[in-house]
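The values are calculated or read from the model by the stated rules, or taken from the named source; none is laboratory data. Since the model is a prediction, treat every value here as computed from it, not as a measurement. All Cβ positions, glycine included, derive from the backbone under ideal geometry; neighbour counts span all protein chains shown. Note: accessible area is taken over every heavy atom of the protein model, side chains too, but ligands, DNA and RNA are not part of it. Shrake-Rupley method; radii C 1.70, N 1.55, O 1.52, S 1.80 Å.
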Amino acid sequence: SWFKDDMRKARRMITEAIQLKSDEPAYLLLLGNAEYSMGHFNEAIGNYKNALKIDPKNPVVLMKMAELYFEKELYQEASKVLNRLTKLSPKNAEAFELLGDAMMENGQLPKAISTYMRARKLAPNSGSVPLKLGNCFKNQGKLDRALRFYKIAERNDPSNAMVYYQMGYVYKDLGRYRESIDKFKEYLRKKPDAIDADQINEEIRDLSRL
C-alpha cells in the first residue's frame, strides 16, 4: 500500500490532513504510527498524547501508546497507560494481557498472575494467556499448577512450540521423564530450526538414560 511504500509521503499527507482537521484524533494516531515506523519514538508518543488531549478515552490510541512503551522497555509507563485503559475498557482482554506482561517485567509476579487471570476470564480460548500463567507458576515452583495451565495452552493453541518446551522442563522437574521426552520431541517437531535444538536433543538423550 502507499502507506507502507512511502512512509514519508504518508506522513506529509497525514500532516496536511491534520492541518485541515486538527480536532480528529484518528489522523494523529496515523501520524504517530508513521513516525514510529520511521524510528521516531518521541514524535510518535507526542502525536499519541495530542490525540488523547482531544479524546482522552480513545482505547485505540491508549493501546498503541502502551504497546510502544512496552516495546521500548518502558514498562512502568506502559503500566500507567494500561491501568488507565483497563479502567475505561474493563472487557479488553488484550489490554489486561499486556498489563500482565508489563507487571512481569517489573518483577510484580503476584499482580501479574491476578491480571492474567482477568485476561483469561475475558478470553478463555486464548493460548498465550495460560502459557504465561504457566510460566508464572513455574517461576514460583508450583509445578503442578504450572502444568495445569500449560495443558490449557496446549489445548487452545497446539501450534505454539513454546508450550511443549515449557512442559518438557516441568515434566523433567516432576520426574516424569517419558512425558518430558515426548514434549521435547514435540517442541522440535514444531520448531525444527530452533537455536536450542542441540541442547534439547541432549536433554532427550540424558533423559532416555534414566
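Tally time: how many residues in the range 127-157 are open to solvent by 20 Å² or more (accessible area, probe 1.4 Å), small (Gly, Ala, Ser) and under 17 Å from the mean Cα position of the chain (by Cα)?
Within the range 127-157, residues that are open to solvent by 20 Å² or more (accessible area, probe 1.4 Å), small (Gly, Ala, Ser) and under 17 Å from the mean Cα position of the chain (by Cα) number 1.
Consider the range 164-182. How many of its residues are part of a helix (DSSP H, G or I) and either of a type in the set (Val, Ile, Thr) or open to solvent by less than 60 Å² (accessible area, probe 1.4 Å) (or both)?
So the answer is 10.
Sort out which residues of the range 142-163 are assigned to a helix (DSSP H, G or I) and either among the polar types (S, T, N, Q) or in contact with a His (Cβ under 6 Å, 6 or more places away or on another chain) (or both), and write them in order of number.
Asn156 - this is the single residue of the range 142-163 that is assigned to a helix (DSSP H, G or I) and either among the polar types (S, T, N, Q) or in contact with a His (Cβ under 6 Å, 6 or more places away or on another chain) (or both).
Counting only residues that are at positive phi and either in contact with a Gly (Cβ under 8 Å, 6 or more places away or on another chain) or among the acidic types (Asp, Glu) (or both), how many does the range 30-75 have?
Count: 1.
When the residues of the range 39-66 are filtered to those that are of a type in the set (S, T, N, Q) and crowded, with 16+ Cβ neighbours inside 10 Å, which remaining residue is farthest from the chain's Cα centre (by Cα)?
Residue satisfying both the conditions and the ranking: Asn50.
So, in the range 1-38, of the ones that are modelled with pLDDT of 60 or more and open to solvent by 90 Å² or more (accessible area, probe 1.4 Å), which residue ends up nearest to Glu77 (Cα to Cα)?
Asp23
Cβ-Cβ below 6 Å, separation at least six or inter-chain, first residue in the range 176-201 and modelled with pLDDT of 95 or more, second open to solvent by 70 Å² or more (accessible area, probe 1.4 Å) and part of a loop (DSSP other than H, G, I, E, B): which pairs?
Tyr177/Leu210
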